[in-house]
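To start, the structure itself, in structure tokens.
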Amino acid sequence: MRRVLPAVFMSLVLLPCLAVTAVRAEDSTAVEVLKKQVQSLQHTVEQLQHTIHTMQKETVARDEQLQQKVQQVETAQKQQTAAPQAQSESPLDQALRESGSEERRPVSTDLWSRQIGGANLRLLDLSLDSLFAGGASTEREETLQDLEGGGHDPRKRGFTVQNVELSLMGAVDPYFTGEAHLIYFIDPIEGESVFELEEAFLTTTALPYGLQLEAGQFFTEFGHINPRHPHQWDWLDQPVINTRLFGPDGMRGPGFRLGWLLPTPQLSETPWFSELHFGMQNANGETMASFLANEEFYEERPIGGRPFVQRDVRQLKDLSYLTRWNNSWNVTDTLTGVVGFSGVYGPNATGLDGDTWIYGMDMKWKWRPANNFRGWPFLTWQTEIMQRDFRADRFVDDSNPDDIVTFPRTTLHDWGLYTQLLYGFRYGWAAGLRYEYAGGSGESVGGRKNDPFRSDRHRVSPLLAWQPTEFSRIRLQYNFDYASFLTDGKDAHSVWLGVEFMYGAHAAHTY
């Protein structure tokens, strides 16, 4: 028993010590494991840093190689461009280059594009606009040609290719811009394809004192409708009075037009802009209906039934002349107005002493709220009124000695107007109403009331238009016509559905 007690006592004393020793051994092992893990992580970080540094070096090297290649390509392009210039360099160019004055010369620009550094600058707006219509009328097609007398009007039962226009507009150089409009349509009766150069002209951009010169083939800037292309019209057809005075295709021809933006004093909070125009154009051709025109056109549309007399250009009075005064106001932030006065003078084809005056007034007011969505809603009111004084020369037809016919000197007066309201009531949708009148005085051969190009006319045209985007438009139009030359009741009813779509980029239209 005495031996057992000491053994038990020693066990009780040594057991805690052994336990503490075991715990300390376990802690030491855990610390060693943690140290190894930290060392492994440090090694991994060092490897990642080395990899990133290597990648940065490779990226810088590739950038330097790419820059060297770009410089080599640009140098080769400059050498290729300079080589033909050096071969064709004139003594004047060489002198300018040697004197250092070449930098002050205007830079030549390609019509399509220009390489500026590494960028390709586009200088040309190219678009194709197409107008098609389909519908029906109570009048037969022969009469419909006189009732819808515009060259781009829907004037056939069934379908009409009104106008397909290819437009090219852009910068020529720092001093000029250029425009060209080529059109195609199908004659609704003959079914023949017609191609025309409608316009091709240049416009200055750097004249001083608010001056601007336009030269080439262009529409005469008379009123609001005549200088605009068919796709710029709100309604499907040309107003009756415009067709009567300016012909089926509008008044246009080669010449020049000089504009001057007047230095108007701003006497109130309402900005006022005023511009004067003066122009000269040839007076002959089928697009000069009220002037010299040509014999073929006169056979189809004789003014007052008068015979055609060929006239040559002998002096300045044998050309046509335009004057126009245009004014615009921003009455409020939501209301804008334009008012213009126009006059045209030139010779006509009735004889050496025959001449024509056309004068008129036009206005357009547009309301659009400040919180509009892409231009909707809006309300426009547009009106034009104009008159023609056609002074016909005396003419003696002695081709048949047994029946000599004398046409005395006389003045035929023709006047008319149109007024239209167009309301854009929600985005993409608009509804409108147009009223037209055309009349005159002075008898035609066979009577004015029987003359389809001078008789009294009234027309009322409601319109509904849907324009989902600026590249497409669908219009539904009804025409009620009263015309004294019609033989069946003098009333005519027509319904037309027009479709328009455009490809490409078209410059913004004038207001």
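Residues in region 454-473 that are surrounded by 14 or more Cβ atoms within 10 Å (Cβ to Cβ), assigned to a loop (DSSP other than H, G, I, E, B) and without any contact (Cβ under 8 Å) to a residue 40 or more places away in the chain: SER455, ASP456, PHE471. For region 474-508, residues that are part of a loop (DSSP other than H, G, I, E, B), within 26 Å of GLU142 (Cβ to Cβ) and either in contact (Cβ under 8 Å) with a residue 12 or more places away in the chain or not hydroxyl-bearing (Ser, Thr, Tyr) (or both) total 6. Going through (1) under 24 Å from GLY150 (Cα atoms); (2) surrounded by 16 or more Cβ atoms within 10 Å (Cβ to Cβ); (3) among the acidic types (Asp, Glu) one by one, GLU275 falls short only on (1). Within region 436-450, is there a residue that is among the small types (Gly, Ala, Ser), within 18 Å of TYR298 (Cβ to Cβ) and exposed (fewer than 14 other Cβ atoms within 10 Å of the Cβ)? Yes. Filtering GLU286, GLU296 for residues that are assigned to a helix (DSSP H, G or I) and modelled with pLDDT under 95 leaves a single hit, GLU296. Of everything in region 401-435 that's among the aromatic types (Phe, Trp, Tyr) and touching a Gly at 6+ places or on another chain (Cβ under 7 Å), which residue is surrounded by the most Cβ atoms within 10 Å (Cβ to Cβ)? Looking at residues that are among the aromatic types (Phe, Trp, Tyr) and touching a Gly at 6+ places or on another chain (Cβ under 7 Å), I get TRP415.
Being more than 30 Å from LEU497 (Cβ to Cβ) and without any contact (Cβ under 8 Å) to a residue 60 or more places away in the chain is true for just one of LEU182, LEU166, LEU211. Which residue is that? None of the others qualify; the one that does is LEU211. The set of residues in region 349-369 that are over 22 Å from the mean Cα position of the chain (by Cα) and in contact (Cβ under 8 Å) with a residue 60 or more places away in the chain comprises THR356, ILE358, GLY360. Filtered by the rule that a residue be touching a strand residue (DSSP E or B) at 6+ places or on another chain (Cβ under 8 Å), over 14 Å from ASP237 (Cβ atoms) and surrounded by 14 or more Cβ atoms within 10 Å (Cβ to Cβ), region 485-494 gives LEU486, LYS490.
Of the candidates ASN372, ASN348, the single residue that is in contact with a strand residue (DSSP E or B) (Cβ under 9 Å, 6 or more places away or on another chain) and modelled with pLDDT of 95 or more is ASN348.
Of the residues making up region 157-182, those that are more than 18 Å from the chain's Cα centre (by Cα) and either surrounded by 22 or more Cβ atoms within 10 Å (Cβ to Cβ) or in a strand (DSSP E or B) (or both) number 5. If you go through region 333-345 and keep only what is farther than 21 Å from PHE256 by Cβ and touching a residue at least 40 places away in the same chain (Cβ under 8 Å), you end up with THR336, VAL338.
Inspect all residues belonging to region 227-234 and state whether any of them is assigned to a strand (DSSP E or B), surrounded by 19 or more Cβ atoms within 10 Å (Cβ to Cβ), touching a residue at least 24 places away in the same chain (Cβ under 8 Å) and under 22 Å from the mean Cα position of the chain (by Cα).
No; the residues of region 227-234 include none that is assigned to a strand (DSSP E or B), surrounded by 19 or more Cβ atoms within 10 Å (Cβ to Cβ), touching a residue at least 24 places away in the same chain (Cβ under 8 Å) and under 22 Å from the mean Cα position of the chain (by Cα).
The listed residues are ARG301, ARG314, and the only one of them that is closer than 19 Å to ARG252 by Cα, of a type outside the set (A, V, I, L, M) and out of contact with any strand residue (DSSP E or B) (no Cβ under 7 Å at 6 or more places or on another chain) turns out to be ARG301. Scanning region 311-331 for residues that are more than 20 Å from PHE218 (Cβ to Cβ) and touching a residue at least 40 places away in the same chain (Cβ under 8 Å) yields ARG311, ASN327, SER328, TRP329, ASN330, VAL331. Taking region 326-362 as the range and being buried (at least 16 other Cβ atoms within 10 Å of the Cβ), among the aliphatic types (A, V, I, L, M) and not in a strand (DSSP E or B) as the test, only ALA349 passes. Of all residues in region 179-192, exactly one satisfies the criterion of being small (Gly, Ala, Ser) and at pLDDT 95 or above, namely ALA180.
Residues in region 190-212 that are charged (D, E, K, R) and either farther than 25 Å from PRO248 by Cα or in a loop (DSSP other than H, G, I, E, B) (or both): GLU190, GLU192.
The values are calculated or read from the model by the stated rules, or taken from the named source; none is laboratory data. Only a predicted model underlies this, so the values are computations on that prediction, with no experimental measurement involved. So basically every Cβ, Gly included, is an ideal-geometry build from the backbone, and we count neighbours across all protein chains shown.
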